[in-house]
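The next block holds one structure in the form of C-alpha cells; read it before the comments.
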C-alpha cells in the first residue's frame, strides 16, 4: 500500500455517498487530463451504475478515442453534487467550472501545490501522472477496474511518462501498471496506435518545426507559430504542444519551447520542456506552472514570449556552469 492509507478511504467514501458526480480537469487537455477524468468516470459507473457521472470541459478532437465529453444538465445544484478535479493545481486552469463554488469537492493532482481549491485534496508530486493516482486509488479500495477503464488510464500514464522514458516513471508506476495488466485484458498495442498514429500532414508540420527552431547561446530552443502556419499545414493550435516531446533528444537544446497562437482565445499556448534545468519556477513567474521539467503558460504577445525565453536562457546558463 502506498501513500497515506486514509486518503484512499476518504475519497472512496465521498464517491460512494454521492448520487451525482462531476469530473473536471485542466484546459487544453492532454491524455493524462482526459485519461484520469474519463478513466475515473468509467470506474465509478462500472462500480456504481446508478450514479449520474459527468466528465466536462472542452473536447480535444485528437484524443477522442479516450472518451466522450459530457454537457452538464442546466438544473444541477452545486450544493448537491460531488466535484472531482484531476490533473489541475489551481482554479484558473480548471475547464468548465470554478471548483471554489462546490462545497463538496476532491482534487487529485500530481503537480506541485499551488493553491487549495477543494475541501479534500490528494497531491502527490512524485506520481508520474494523475492517471497513475487513479490507478493507485483503485488498488487501495474496493473499486473494481475493467478493461475499458484501464485503456483510458494507461493512455494517460503512457503519455505523461513519455512511454516510461522520463524520470517520473518510478517503481510504483511499474508496479501499478503491472498489476493493471495482470487484472485486465488491456491491449497495449491498441492504446499505442491510438496515441501515436498521425496524419501525414502532422508529420510534414513536424518537419517545419524542426527546421524553424531558434536556439539561443545557452541551449534554449524556441519556436513561435502563428495562425498562417497552422492554416498552411491544416493543423490546430494544440498540435505543436502535443509534439513537444519529439524534441527531447536534440543535443543543442537543454530547454525547448513551443509558442502557438490560439486565435480563438487570443493568446499563445506555451509548452516548455527541459532535460535538466528546472523550469517551473520560470513558468510561474510568467503566470504559468507545472513540473520541474515540464511546464506551460499562456501569454498574449511575442514580446512576452521572448522575455520568457530570455529568463529560461538565464536558467540554462547557470545550469551549465555547474555541469
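Using the 10 angstrom Cβ neighbour count as an exposure proxy, how do 190, 17, 172 rank, fewest first? Mind dumping the intermediate values first?
Working: 190 13, 17 9, 172 17.
In order of increasing Cβ crowding within 10 Å: 17, 190, 172.
Averaging sequence separations of C-alpha pairs under 8 Å and six or more residues apart, then dividing by the length of segment 200-321, give the relative contact order as a whole percent. It would help to have the intermediate numbers written out before the result.
On the way: 216 pairs, mean separation 27.1, N = 122.
Normalised by residue count, the contact order of segment 200-321 is 22 percent.
Can you sort 168, 293 so the residue with the fewest Cβ neighbours within 10 Å comes first?
Listing 168, 293 from fewest to most nearby Cβ atoms yields 293, 168.
Looking only at segment 5-195, where both bridge partners belong to it, what percent of the DSSP beta bridges are antiparallel (to the nearest 5)?
Details: 1 of 17 bridges.
That works out to approximately 5 percent antiparallel.
Hey, could you grab the Kirkwood Rh for segment 56-128? Inverse mean 1/r over distinct alpha carbon pairs, Å, one decimal.
13.4
Kindly provide the helix-only [θ] at 222 nm of the chain, computed as the sum of -39,500 (n - 2.57) over DSSP H runs of four or more divided by all residues, to the nearest 500 deg cm²/dmol?
-12000 deg cm²/dmol
Summarise the long-distance tail of P(r) for segment 5-195 by giving the % of C-alpha pairs beyond 25 Å.
Everything past 25 Å amounts to 27 percent.
State, as an integer percentage, the relative contact order of the chain based on alpha-carbon contacts under 8 Å between residues 6 or more apart.
Working: 591 pairs, mean separation 40.0, N = 323.
12 percent.
Report the equivalent ellipsoid semi-axes for segment 158-204 in whole Å, largest first, defined as the square roots of five times the eigenvalues of the gyration tensor built from alpha carbon atoms.
25, 16, 4
Could the peptides 199-212, 90-103 be put in order, highest first, of the mean number of other beta-carbon atoms found within 10 Å of their residues? The partial results should precede the final answer.
Details: 199-212: 13.4, 90-103: 17.4.
Per-residue Cβ counts within 10 Å, averaged per peptide and sorted highest first, yield 90-103, 199-212.
Residue 285 to residue 170: extension gain in nm, 0.36 nm per residue of separation minus the Cα-Cα distance?
38.5 nm
With a Förster radius of 25 Å, plug the Cβ-Cβ distance of residue 79 and residue 120 into 1/(1 + (r/R0)^6) and report the FRET value to the nearest 0.05.
So, using R0 = 25 Å, E works out to roughly 0.95.
Students often get this wrong, so try it: which of (i) 20.2, 67; (ii) 19.6, 60; (iii) 25.7, 103 is Rg and Dmax of the Cα atoms in Å as calculated from the structure shown?
(ii)
So for segment 200-321: antiparallel DSSP bridges make up what percent, rounded to the nearest 5? The partial results should precede the final answer.
Working: 18 of 24 bridges.
Of all bridge pairs located within segment 200-321, approximately 75 percent are antiparallel.
What area, in nm² and to one decimal, does the C-alpha convex hull of segment 209-280 cast on average over all directions?
Here the figure is 5.0 nm², rounded to one decimal.
Can you tell me the 0 to 90 degree angle between the C-alpha axis of helix 130-139 and the longest principal axis of the chain, rounded to 10?
With rounding to tens, the tilt is 30 degrees.
When the Cα centres of segment 252-307 and segment 65-124 are compared, how far apart do they sit, in Å?
24
Taking just the C-alpha trace of segment 200-321, give me its Rg and Dmax in Å.
Answer for segment 200-321, Rg first and Dmax second: 13.5, 42 Å.
The numbers here are math on the coordinates, done by the rules we state, and not lab data. Please read these numbers as outputs of a predicted model, since none were measured by experiment. Heads up, the Cβs are rebuilt from the backbone with ideal geometry, glycines too, and the neighbour counts pull from every protein chain shown.
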